[in-house]
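We did not get these values from a lab; they are worked out from the coordinates using the rules stated. Values in this document were obtained by computation on a predicted structure and should not be read as measured data. Methodologically, a virtual Cβ is constructed for each residue, glycine included, from the backbone with ideal geometry; neighbour enumeration extends over all protein chains shown.
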């Protein structure tokens, strides 16, 4: 093989590698949510959801939380934050009719998420791979649903809410372009 042929193969391999890497970094279908405080609160943040096979990768960054505190965090049935107190988002998203529980347990609502644990500055970051939900259309789709941050920790036992208290931030999950 001459130098030009070898250079072409290297160039082609490089393009294939870059294209492969680009497709890996972009992931699958995506959705996002922009948390806004409910009346009398100051919590805000951004949450992204990316479909990766049969799981959804969630990355949440939230601020305005009570420093050093833990908060329940859930996907709710309805993408409606108009009530001012977050109650218009209705109950936890639960398309399979399971009891409330820990997000890694066999029995839990599809909307049960990892808790938010605030640092000394009142900020929390959570990354998790979640099962039982989807960004793509279907009964497990979270697009168009509500996302709620609660005032208290989730006890993962009390039915149907986890006893996590008032709703201090609300968002609507929307499909990303």
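A few points about this structure:
- Listed from fewest to most Cβ neighbours within 10 Å, the set 154, 80 follows the order 80, 154.
- Taking every alpha-carbon pair in the range 28-175 and binning the separations at 10 Å intervals from zero gives 13, 47, 35, 4 percent.
- Ordered by the count of other Cβ atoms within 10 Å of each Cβ, fewest first, 46, 158 give 158, 46.
- Across the alpha-carbon atoms of the range 22-85, the computed radius of gyration and Dmax are 14.3, 43 angstrom.
- Relative to the longest principal axis of the Cα atoms of the chain, the long axis of helix 3-26 makes an angle of roughly 10 degrees.
- Between the range 27-56 and the range 110-132, the Cα center-to-center distance that results, in Å: 11
- Spin-label pair residue 131-residue 175: with each label point 7 Å from Cα along the Cα-Cβ axis, the two points sit 2.7 nm from one another.
- For a label point 7 Å along the Cα-to-beta-carbon line of residue 52, residues of the range 120-143 with backbone N under 20 Å: 125-137, 141-143
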